[in-house]
Amino acid sequence: MKSEVESLNRKLEAIKRIFFMSWITDIILIFSLAEIIDDEDEDFEIKTPVPLININSWLDNNGKGTLENLSDHVSSGGKSMQTCVYGGGFSFLDIGKFKEIVKVQSWKDRKNVQLLIKEEQDEYLYIYASR
């Protein structure tokens, strides 16, 4: 069954490439501040979380670029966001593989990891939890 689904996904990707110059997928990845703050560090140094490094490495190795920090651009109300928000728009992204890459990461606070995906033809974002 899994191999049939993978085969269909490969065929769909090939069709997209033939008929469309680009096929944009919007990605928004949301996770807890617990991922970027090292509780063991007395200075509470903010670090790029390993799961995000791994996800961006996979994207970059597949010629897609990386997710960008969107929460750094929000300061309405004079306060910083209390959630980490990363996102990007990617052409011809293999959504199945991307969801799996996000899912297999060793998140500190997995229950607060949310993945929102909207493909070019979709009317709305689909929400995936990493639980």
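The values are calculated or read from the model by the stated rules, or taken from the named source; none is laboratory data. All values derive from a computational prediction rather than experimental measurement. With ideal geometry, Cβ positions are generated from the backbone for all residues, glycine too; neighbour counts draw on all protein chains shown.
When restricted to residues that are over 10 Å from the mean Cα position of the chain (by Cα) and buried (at least 18 other Cβ atoms within 10 Å of the Cβ), region 84-94 contains 3. Only residues that are hydrophobic (A, V, I, L, M, F, W, C), touching a residue at least 24 places away in the same chain (Cβ under 8 Å) and in a loop (DSSP other than H, G, I, E, B) were counted in region 91-116, giving 4. When region 54-74 is limited to residues that are of a type in the set (Ser, Thr, Tyr) and in a helix (DSSP H, G or I), the one that is modelled with the lowest pLDDT turns out to be SER71. Close contacts from region 38-53, counting a first residue that is at pLDDT below 75 and a second that is in a strand (DSSP E or B), with Cβ to Cβ under 6 Å and a gap of 6+ residues or different chains, come to PHE44/ILE37.
When region 11-37 is filtered for residues that are at pLDDT 90 or above and more than 21 Å from ASP109 (Cβ to Cβ), the ones remaining, listed by number, are ILE24, THR25, ASP26. Restricting the first member to region 1-22 and to residues that are more than 15 Å from GLU120 (Cβ to Cβ), and the second to residues that are assigned to a helix (DSSP H, G or I) and at pLDDT 70 or above, the beta-carbon pairs closer than 7 Å and six or more apart or on different chains are ASN9/GLY96.
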